Structures are given as structure tokens and as C-alpha cells.
1. Could you list, in sequence order, the residues of segment 244-283 that are over 16 Å from residue 218 (Cα atoms) and in a strand (DSSP E or B)?
2. If we scan segment 167-185, do we find a residue that is touching a residue at least 12 places away in the same chain (Cβ under 8 Å), within 15 Å of residue 236 (Cβ to Cβ) and in a helix (DSSP H, G or I)?
3. Go over the candidates 26, 56, 31 one by one and state the one that is at pLDDT 90 or above and either at positive phi or under 20 Å from the mean Cα position of the chain (by Cα) (or both).
4. Just give me the residues in segment 156-187 being closer than 22 Å to residue 15 by Cβ and modelled with pLDDT under 95, in sequence order.
5. Which condition does residue 98 not pass, out of (1) closer than 20 Å to residue 49 by Cβ; (2) modelled with pLDDT of 95 or more; (3) surrounded by fewer than 20 Cβ atoms within 10 Å (Cβ to Cβ), if it passes all the others?
6. What are the residues in segment 189-213 that are in a helix (DSSP H, G or I), out of contact with any strand residue (DSSP E or B) (no Cβ under 8 Å at 6 or more places or on another chain) and at pLDDT 95 or above, if any?
7. Please tell me if residue 271 is in the same structural domain as residue 179 (by TED's automatic domain parsing) and modelled with pLDDT of 95 or more.
8. I need the full set of residues from segment 144-177 which are more than 15 Å from residue 6 (Cα to Cα) and in contact with a strand residue (DSSP E or B) (Cβ under 8 Å, 6 or more places away or on another chain), in order please.
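The values are calculated or read from the model by the stated rules, or taken from the named source; none is laboratory data. All of these numbers come straight from a predicted model, not from anything done at the bench. Here Cβ is always computed from backbone atoms with ideal geometry, including for glycine, and neighbour counts include all displayed protein chains.
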């Protein structure tokens, strides 16, 4: 068996095409849309992440305002800047990039964000709504995992409701931005959901849990954590990991939390790294920003259902 590779870039293009229609309509109606990112230090400011967001925002017609603060910025100054963004009518969505320096109280920062502009659902109000199954915003990476899975199910002719009702979803990793929201989204789809920490690999053995997964979502931040012996046949694997690795040629490249070459012959489908979850996450972040703009303007949330790529574009048969 050769696994189907779920093409995140194709999914992202289709999602972006739908979003372009929504943004154009809102701009025609005179509604501006703005995204502000806040980072302390220069880890992101000159990197690929900011360039990707800027390019995507420009292509969609969304104003992008990166806020880069010095590494020694104190708590009060950071909260003041967030307060200014909360009050700025040109800003629809606010994203505070992590990790934050150790001298910053992360929870206090998240509580300071206006819940209506909190596009990654880090404010306790939004996190609670997500846990209750009535989310205002869904964190973009977790949302992207299930968008990829839903798109794949449609492309292979599987009924979503029937699949999820029968599915055992295992989530490896318990982060607030991926693992925990993914668990909530799995419950929302009435699947059986199990959460596993990466430390299980050192105690009972992570395969004890992951081998039974129909859907395996891996967001542990550990390169090559999931190997062939950790997956069952016919599983669908969503690899969220982004890790820098040095190849035999001495060049640094990006790899996921899943050993792709070892796992591919055993599973039904999987997402690659790069080109899987990442491209969809970027677009979904902008989609959340559009949702925030609508909420702030008192508009109904009627974003167009994302158009789906054709199966040939979504599924690339692994060689």
C-alpha cells in the first residue's frame, strides 16, 4: 500500500480563493480588515513567517501591521501596546506570537487582548467558548488539521458524519494552540478522542495509544517521534510538527514529527512537511481576521464555504 499525500498547498489555494471573494465584498461595502502581530525580540520579525503573512495579506487586501518590540520590553509596555491595538479601529485581529520571554506573564497578556479581536482564541472567554462547542474563533492550526481531514474525506467520497462517528482520533501533544483545541474539535464531530503526551514514548510507549488511531494528529514538536511501529494500517496522519534538521549534505531542512518515509507504506493518507498543515494555517489565520472584522462591525458571519480542490489536486499518490 502506498499512502495518499494530502496536499496542503492545494487546500490553501482553494481556501484563499473563497476568502478573496469575501474580502472583496467587504471592502466594496466599505469595511476595512486589519491584522496586527506582536512579537518581542527579533525571532520572527525578519523571518519567513512574517514575509508569508505580509504577502498573503497583501494578496487578499488585508492590512498587515507587524509590531516588533525590543527583547527587554517589560510587561507594562507590552500590555500598553495591546491596549492601543484593542482601541485601534483599523485593527480587526491581534496575534501575539509565542514563545514570550520568561519575564512576561503569558496568561495576563492573553487576558488583555480584546476577545472580539482574539483570532487565535487565547483569551479565556474564547478558549471557554471553544471548549463548550460554540467557538467564536478556532485556533488556526487546529482548524487547519480538520479542514485538511474534511477535504480529504470529501475527495475520497467518505461521509464526514459517518466517518467521525466511527473514528478513534488520537492527538499527540497538549499545547493550548494545537493539541487542546484539536481535542475539542474532535469531540465536536462526535468522534472518540484520546490525548497522549509525547512523554508516553519514554514510559508506557506511545505506540500503545497511537496504533489504534483512525486519525492521528501529531503536534509534539519532536522530529521523527512517530515511526512505522506507532501507526496502524489505514490510519490518516496529520503531521503538525515543524522541526529543523540537518541532512547528510549538511543543509538544514524542515521535517515533521512523523518519519514520513517509514510511515507512508503503512497508512492510508498523511500530510507532508513542508506543504501540509502550514499553508492552510496561514490562510486560516486571515480567515479568522475576516471573521473578527465582521463581528466588530456587527455583520453576520456568513463566510463562503471554502471551495474544495479536485481530488487530483488534493491527493498526490506517493511514489
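1. Within segment 244-283, 244, 245, 246, 252, 253 qualify.
2. Looking for residues that are touching a residue at least 12 places away in the same chain (Cβ under 8 Å), within 15 Å of residue 236 (Cβ to Cβ) and in a helix (DSSP H, G or I), one finds at least one in segment 167-185, hence yes.
3. The unique qualifying residue is 56.
4. 177
5. Answer for residue 98: the failing condition is (2).
6. Here is the first cut: in segment 189-213, the ones in a helix (DSSP H, G or I) are 198-202, 207-210.
Okay, now just the ones that are also out of contact with any strand residue (DSSP E or B) (no Cβ under 8 Å at 6 or more places or on another chain), so 199-202, 207-208.
Selection gives nothing.
7. So residue 271 fits the description; yes.
8. 167, 168, 169, 170, 171, 172, 173, 174
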